[in-house]
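Below: the structure, in structure tokens.
Where a number appears in this text, it was derived from the coordinates with a stated rule and is not lab data. Every value quoted in this text rests on a predicted model; they were computed, and no experiment measured them. Here Cβ is always computed from backbone atoms with ideal geometry, including for glycine, and neighbour counts include all displayed protein chains.
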Amino acid sequence: MRTRYEESEFIQVKPLGQEVGLSVIMKWLQLHKRAITSPQTELVKTALEHCSLPLYARIICDQIHRWKSFDLPDKLLIESTIQGAINKHFEMMEIKLGKHIVKHSLSYLTSVRYGISEVEMEHVLSLDDVLLNEVYEYWKPPIRRIPPLLWSRVRSEISNYIVERSADDLQVLHWYHRQFIETARQRYLTPDENFTVHIHKTLSDFFSGVWGGGKLKPFQYTAAQK
């Protein structure tokens with residue numbers, strides 16, 4: 001990227017430092033009418049000694065926001081790196097929303113080069129038979145599509161880390177920082193080549209118009225659904 005722009009056009013994002021980082025986090029919590037205990041505050045201060053970049057502070061703030069006053073510090077964990085903090089956020093999403101919808105949604109968001117619109121994401125998820133068989137594991141839906149609420153909940157959990165931008169006259173979504181792309185790729189795509197092929201093929205089928213326009217995609221019910 002530096003070959004395309006002048007050096008003077010770049011601004012280096014420096015660490016906030018422990019004191020400023022803690023002040024920023026406390027202000028965010030205050031805006032959301034949240035507070036943490038003194039022992040929990042010490043845990044945050046220790047984490048900021050390892051990393052106090054603005055992105056890191058933003059991510060751990062979202063995690064701290066979920067803490068309860070009765071949560072003891074020895075039961076809480078703050079990762080010491082940005083990648084670790086992002087992985088922790090993804091893990092918490094999987095626990096809250098379900099691993100399959102999170103894994104597939106974030107894999108599609110990570111795999112598209114220029115972004116994907118809300119409607120496109122719902123269509124792509126609805127073409128994903130692996131995901132649909134997990135969502136409708138024990139029953140046959142009247143319409144075989146992903147429930148819109150599932151994607152909406154995933155989007156809500158990552159709303160602080162995605163941006164909307166224009167592409168081909170559409171408003172599309174994409175990660176706003178490359179750290180999320182790299183972490184999601186390493187967590188979901190790199191370890192499983194077959195899954196990666198599945199994600200890319202589903203995207204290819206959708207954007208090339210293999211299904212649609214009156215042409216229905218065939219599928220088979222699982223044994224539990226029959």
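Filter the cross-link list K14/K45; K27/K68; K68/K88; K45/K96; K14/K99; K88/K201 down to pairs whose alpha-carbon distance in this structure exceeds 25 Å.
Numbers: K14/K45 18 Å; K27/K68 18 Å; K68/K88 17 Å; K45/K96 27 Å; K14/K99 34 Å; K88/K201 28 Å.
Checking Cα-Cα distances, K45/K96; K14/K99; K88/K201 exceed 25 Å.
Return the calculated 222 nm mean residue ellipticity for the chain, to the nearest 500 deg cm²/dmol, obtained by summing -39500 (n - 2.57) across DSSP H runs with n ≥ 4 and dividing by the residue count.
Working: 10 runs with 116 residues, N = 226.
Value at 222 nm, helices only, nearest 500: -16000 deg cm²/dmol.
Taking Cα atoms only, the orientation of helix 193-207 departs from the longest principal axis of the chain by about 70 degrees.
The string of couplings for segment 104-118 from the Karplus curve (6.51, -1.76, 1.60, θ = phi - 60°) is 5, 4, 5, 5, 5, 4, 6, 7, 7, 6, 10, x, 9, 7, 4 Hz, one whole number per residue in order, with x for Gly and Pro.
What order do you get for 179-191, 34-46 when each peptide is scored by the mean count of other beta carbon atoms within 10 Å, highest first? Walk me through the numbers before you get to the answer.
Details: 179-191: 17.7, 34-46: 15.3.
So the peptides 179-191, 34-46, ranked by packing, come out 179-191, 34-46.
Could you point to the residue in P218, Q30, L173 farthest towards the positive end of the chain's charge dipole, with +1 and -1 charges on the Cβ of Lys/Arg and Asp/Glu respectively? Value: P218.
What's the FRET efficiency of Q30 with L72 using the Cβ-Cβ distance as r and R₀ = 22 Å, to the nearest 0.05?
Numbers: r = 23 Å, r/R0 = 1.03.
Rounded to the nearest 0.05, the efficiency is 0.45.
What do you get for trypsin sites (Lys or Arg not before Pro) in segment 62-128 restricted to DSSP loop and a cutoff of at most 12 other Cβ within 10 Å of the site's Cβ?
Filter output for segment 62-128: R66, K68, R113.
First select every other residue whose beta carbon is under 13 angstrom from the beta carbon of V124; then total the charges, Lys and Arg +1, Asp and Glu -1. Display every interim value, and only then the final one.
Details: positive: R145, K201, K217; negative: E118, E120, E122, D128, D129, D205.
Here the charged neighbours net out to -3.
Using the Cα centre of segment 51-165 as the reference point, and only Cβ charges (+1 on K/R, -1 on D/E), how large is the resulting charge dipole? Debye, rounded to the nearest 20. All intermediate terms of the calculation are to be shown ahead of the outcome.
Working: 15 positive and 15 negative charges, 25 e Å.
For segment 51-165, the charge dipole is close to 120 debye.
For a quick check: sort W151, W28, W139 by the number of other beta carbons within 10 angstrom, fewest at the front. Spell out each step's value before the answer.
On the way: W151 20, W28 16, W139 7.
Going from sparsest to densest Cβ surroundings: W139, W28, W151.
Each Lys and Arg adds +1 at its Cβ and each Asp and Glu adds -1 at its Cβ; summed about the Cα centre, the chain shows a dipole of about 480 debye.
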